[in-house]
Structures are given as C-alpha cells and as structure tokens.
1. Going through the stretch 379-389 one residue at a time, which ones are open to solvent by 30 Å² or more (accessible area, probe 1.4 Å) and of a type outside the set (A, V, I, L, M)?
2. I want to confirm something. Restricting to the stretch 204-222 and keeping residues that are over 27 Å from residue 135 (Cα atoms) and open to solvent by less than 30 Å² (accessible area, probe 1.4 Å), which single residue is modelled with the lowest pLDDT?
3. Which residues, counting only those in the stretch 263-302, are more than 20 Å from residue 454 (Cα to Cα) and either within 10 Å of the chain's Cα centre (by Cα) or free of Cβ contacts under 8 Å to residues at least 40 places away in the same chain (or both)?
4. Looking at 435, 398, which one is more than 25 Å from residue 478 (Cβ to Cβ), surrounded by 13 or more Cβ atoms within 10 Å (Cβ to Cβ) and either at pLDDT 95 or above or charged (D, E, K, R) (or both)?
5. I need the full set of residues from the stretch 120-131 which are out of contact with any Pro (no Cβ under 9 Å at 6 or more places or on another chain) and surrounded by fewer than 17 Cβ atoms within 10 Å (Cβ to Cβ), in order please.
6. Between a first residue in the stretch 225-251 that is over 13 Å from residue 157 (Cα atoms) and among the hydroxyl-bearing types (Ser, Thr, Tyr) and a second residue that is open to solvent by 20 Å² or more (accessible area, probe 1.4 Å) and outside any loop (DSSP other than H, G, I, E, B), which pairs have beta carbons less than 9 Å apart while being 6 or more apart in sequence or on different chains?
7. Do we have residue 469 as modelled with pLDDT under 95 and surrounded by 17 or more Cβ atoms within 10 Å (Cβ to Cβ) here?
8. May I ask you to say which residue of 92, 55 is touching a strand residue (DSSP E or B) at 6+ places or on another chain (Cβ under 7 Å) and either of a type outside the set (A, V, I, L, M, F, W, C) or closer than 16 Å to residue 150 by Cβ (or both)?
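The values are calculated or read from the model by the stated rules, or taken from the named source; none is laboratory data. On a predicted model such as this, the values are computed, not experimentally measured, just so you know. A quick note on method: Cβ atoms are made from the backbone with ideal geometry, for glycine too, and the neighbour counts reach across all protein chains shown. Calculation scope for accessible area: heavy atoms of the full protein, side chains included, ligands and nucleic acids excluded. Shrake-Rupley method; radii C 1.70, N 1.55, O 1.52, S 1.80 Å.
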Amino acid sequence: MPRHRMSQGAPVPDRTDASVRTLGGQPAHTPSRGRSDQEAVIVYGIHSDIGQRDSQEDRALVVDFRTADGQVATLALIADGIGGGTTGERASYLAQEIIPALLQSHTPAASEIPAALVEAFSETNRRIHAEATTDSRRAGMGTTCTAVAIVSQRLYLAHVGDSRAYLIRGNTIQQLSIDHTWVESALQAGRPAEQLRNHPNRHVIERYLGIDPDMPIDTRYRPLGSGHGLTFVDSALQPLHLQRGDSILLCTDGVSDSLEDVQLLRLVRSRRPEQAARAVVHQALQASLRQSRLEPGHRADNTTALVLDLPGATKVLALPRWLPWAAGAATLLLAAGGRWLAYHDPRRFGSLHLVASAEAARHPLLAGLGPEPLAPGFDGARLAAAARGRRASVKALLLDQRVVAGVGNIYACESLFRARIRPARPAGAIARARLDRLAAALAGVLAEAIAAGGSSLRDHARVSGELGYFQHRFAVYGRAGEPCPACGTPVRRTVEQGRSSFFCPRCQR
C-alpha cells in the first residue's frame, strides 16, 4: 500500500524502491525456533515477501538477552523502512542492529526494560536523523518500528509508526499498538471511520524514527477487549500480563492494510509459528495482488509477519478447505496413531493402490514412466535420445510421462521459457546444447516450485491446508498479453492438443 510521511505539515509521496530479499542477513523465512528458560519456551517464526516492489525494506528479528537480575528476556522487533531504495533499507537496518545491541549491552533489570527500550529507540532515532541530515544520499530516510520485550510472562511494548503488534488469546485478537497515522488521529478526534476509508491522507504516517531528533516513543498498548477505542495502558507503568497459550503477531503495513483482524486470528491460531507467518504473508500478498489488478498503479508492498507462541499454545487444526465437500469425491480416511490420511481427487483422474514397496517399480502404472527431472542422471542426453526423429512439439515431449515423469503443463511452459525454446518447436530439430539447458531448467523450476509449496490456482493445497505460492513467480504461464519479464514483448497464448501454451515470441525460438 503506498504510504506518505509528514514533512512540513503536508503529505509527501514515499518513494519505495530497491533492496535485498533477506531480513538483516537472515533468510526471508526463518524456521521456528525456541529457547528454554526453566519452564518458559517461546517458539517463533518469521516470513517476508518483497511483493511487487524493487526493494525489501522490512526487517524482523527475535533475540534473547539477560536482565541484570538473571532472567532471560525475549525481544521481538519489526521495522519497515521509509524513503525508498537504500535509504529505507538503511533506516530499518539501523533499527534492527542498534535496538537489540543496546538492550544486550546495558543489561537492564526486568523493571528497567521499558526505559531501556525507550532509550534504544531514541538512540536509533538520533542516528537515523543524523545520517539523513548530514548525507544527501540518505535525505528523508526513516523507519517504523514496533518491538515487544517479554520476561516472566510480562510484555513491554515500544513502537513508532504503523507497524503493528497483536495479541491472540483463544478466539480473540487485539491490536496492541497504536498507529501513528493521520487516520488514527482522525479516529481519536471523533471522525467516523466511513469518512476516512477513501480519504487522500489515509496512508500518511505522522511519526516514525528519523523524522525529528527528539521523537517521542510510544509505550502504550490497548488492553484486551478494548477494540480500537481510546482506552490505553502504558506498559512502562503496567506491563501486559500474558497467559499460557497466548500468541503475539508483529507485522508491517503490507499485512495490516490487506487483511482484517478476523483473518489474522484464523491464520495464526490454527498454525505453528513458522506456518502462521508464512500463511499471513501469503494471504496478504494475494489480497494486495488482487487490488493491483483492480487499481492501476497499485503495487503489492513488502509484506512481513513475525509470530511468537508462548508456552502452552494449543493450535486448532486447520482442516483442508475441501473437507466439507470431499464426500462427493474418491476419499479414503485412515486413522493410525492419532493421525489421519485423506486421498482426495477432485478431477477423478487418479486411483489408489496398495502395493508392497519391493513391487512398486514393476506395477503396470509405474513401470512405463520415464525419469523425473530431479532424479540423479537426468540430463540433456536423455532428452536428446527421446527427441531423436520426433516431429511432435517439444511441449508434447515434456508432457509425455513415458519420456519425463512429473512435468505438467505449467512447469513445461515455465521451463521452456527459461531454456528460451518455443513450445511448438519440433522436438527432433532442437540442438543438444539447447536440450541441456532445458534439462537444467526443468530441474530448477520443479525445485523452486516444491520449495514454494506448489502453485495454488484452483484446488491445490498442502496437507496443512496452506496454499502454494509459486504462481507469483510465473514468467509466462497465464500471463497472455502481459510483458515478458526479460524483454517486455507481450506474452502469447496458443492451444496445442487441448492445452494452453504461453511463451514469449521474441525470447523463445
């Protein structure tokens, strides 16, 4: 969602552009981790997506530090750079580096954590402002930042900007942080929400780190049950007392601008932290991409979520979305050891067979299959041997399971694009060097698709109920009329043997 910052009392467009795809040197997805402090175990997951922006200006981390009285505290932090390009990246990087470093080096007592958080935020603010005013390349840079420190089930909050902190407890969700935005100020002044939904200043941020050398740091939170009203509690005076099983969600505005609270509740309470973070980012990105198609000029923002589960968290099983209507399909449920297995075939092309492992390779349905692209030894030589003398298209060759097993229409189109081969080209007329490229492209596309959880276009979902997101990386499939990502030429669609083929007429020969 486009955002603006306050400058001399007027909204100024935020030019958000250029960066890396990692969060402070960590992978964009950090697996769930935990730490043990006697009985307390906090498990967390982080996930981020660059969206349709040229840069990744979001940062997120979870670190432990020890208080002066020997207790282990957990700091979770999320920041969203403002200013565009390297300026926003630099500002959020400073927040990610300075705040935990100061907390870890100062070793505050548990009761001193609120003051230590405020001082760490203030020092970060001074550093960002100093760089922005002394280096013309950094002019206008800033960052939102929301951080929680948890010690002995007490939560302290410090935040500036519109990145958010939520508490999930049972079947309820509460936004803890207070947005420092024009809209929030208007709501607190009594303006009806309906008047603000499409207001031109709805994305203006009134406060962020770097805007002023003496930026006030907000330590207030909304207590559970207060909704979005005007009831606030200062965590510096009265920390939020957490309960066993609570979850905390930190997110940037790429999430909160796209998903309602009830959606966040459903996604977080039904998944482990790493799955929840990934699901929140995926659903927010999907919503933003839909908006991009409806609103010219809208570009999906950087989107980041951080989920923490406190001890005793019990997740409600996220049942597959197809379960209510599965009775009308070929479905088998087997209960064993408390687990369940479901075979569901919405298109009814498959079948289920019980076969001894030693006999599987000789089963009539498997014996005639060709090698898989990810199998050892699969290379251009195998494709060349299969293509020799064939007049049929190379696309038909790839979809022939006797030649290559496991390649469907989507991945055939994407692999041919990467190999720069036109789908309709006769297989027997393709040089060996190009087939070598095609074999490598097949393996690369399938490996990336597996890592992304597949492509959720209609009915595909993983066993956890989560959707795949490789469809966001399609170069040509389903993009007829859109510019080729390599040369800008409009992608074309043809129909061959009843299947759609998508290709770039300039890149693919």
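1. Within the stretch 379-389, 379, 382, 388, 389 qualify.
2. Step one: of the stretch 204-222, the residues over 27 Å from residue 135 (Cα atoms) are 218-222.
Of the ones still in play, those that are also open to solvent by less than 30 Å² (accessible area, probe 1.4 Å) are 218-219, 221-222.
Working: 218: 96, 219: 96, 221: 96, 222: 93.
The selected residue is 222.
3. Matches in the stretch 263-302: 263, 266, 291, 293, 294, 295, 296, 297, 302.
4. Only one candidate passes the filter, namely 435.
5. 123
6. 226/233; 247/169; 247/269
7. On the way: modelled with pLDDT under 95: yes; surrounded by 17 or more Cβ atoms within 10 Å (Cβ to Cβ): yes.
Yes.
8. Working: 55 fails: touching a strand residue (DSSP E or B) at 6+ places or on another chain (Cβ under 7 Å).
Only one candidate passes the filter, namely 92.
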